[in-house]
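Below: one structure, written as structure tokens.
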Amino acid sequence: MKTKFFIFLFPLASGMLTASAQKMDADWQAKATTYIQQQEYTFHPGTGNVFTTVNTKNRISCTIDPGGYTVNPQQAKNDQPWQVNFRLKSIGRDNAAYFFTNNAAAEQQANNLVYHYGFADVEYVNTEAGLRENLYPERQATG
């Protein structure tokens, strides 16, 4: 009796699979590939105002916080490990300097991250070309 039951279910199940396969989007693979490529350069939030991202083309990973960023290699087994820290200190002239603190508001959208400090914005953009840091002062320093 069990054999007849399974024989009956097999044609029914194969018909269901064929029907659902026909409803699939024809260019699903291209859409999936595009989505994965976009995710390769996205900033991922961590604890506090800390974000991480990778850059597959340049084989690096970055940790960004309000004080700057750190770059590490995505290394193979035989590569020498290394790490580089880029820290924000201040902008301005002589006695009119503004100092970067950890009290910054973060705004993140896919491969774009902006820290708002009140006197300037620091933008990080992660693309195939690498991680780019842009500084946008809100006012010109005196002097």
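Looking at the stretch 98-116, is at least one residue modelled with pLDDT under 90, surrounded by 12 or more Cβ atoms within 10 Å (Cβ to Cβ) and part of a strand (DSSP E or B)?
Yes: the stretch 98-116 contains one or more residues that are modelled with pLDDT under 90, surrounded by 12 or more Cβ atoms within 10 Å (Cβ to Cβ) and part of a strand (DSSP E or B).
Just one of Thr47, Thr42 is open to solvent by 80 Å² or more (accessible area, probe 1.4 Å), among the hydroxyl-bearing types (Ser, Thr, Tyr) and at pLDDT 90 or above; which is it?
Thr47
Taking the stretch 79-97 as the region of interest, how many residues are open to solvent by 70 Å² or more (accessible area, probe 1.4 Å) and either modelled with pLDDT under 90 or β-branched (Val, Ile, Thr) (or both)?
5
Among Tyr136, Tyr69, which is the only one that is open to solvent by less than 40 Å² (accessible area, probe 1.4 Å), under 25 Å from Pro45 (Cβ atoms) and not in a loop (DSSP other than H, G, I, E, B)?
Every option except Tyr69 fails the conditions.
With touching a His at 6+ places or on another chain (Cβ under 7 Å) and either farther than 24 Å from Gln37 by Cα or acidic (Asp, Glu) (or both) as the only criterion, which of Ala97, Ala105, Ala120 stands out?
Exactly one residue qualifies, and that residue is Ala105.
Among (1) open to solvent by less than 50 Å² (accessible area, probe 1.4 Å); (2) assigned to a loop (DSSP other than H, G, I, E, B), where does Asp121 come up short?
The failed condition is (2).
What pairs come out if I take residues in the stretch 99-117 that are under 14 Å from Arg87 (Cα atoms) and free of Cβ contacts under 8 Å to residues at least 40 places away in the same chain and pair them with residues that are open to solvent by 70 Å² or more (accessible area, probe 1.4 Å) and in a strand (DSSP E or B) whose C-beta lies under 9 Å away, six or more apart or interchain?
Close Cβ pairs satisfying both conditions: Phe100/Arg87.
The values are calculated or read from the model by the stated rules, or taken from the named source; none is laboratory data. Worth saying up front: this structure is predicted, and the values here are computed from it rather than measured. Virtual Cβ from ideal backbone geometry, glycine too; neighbours counted across all protein chains shown. These area figures cover heavy atoms from the full protein model, side chains too; ligands, DNA and RNA do not enter into them. Shrake-Rupley method; radii C 1.70, N 1.55, O 1.52, S 1.80 Å.
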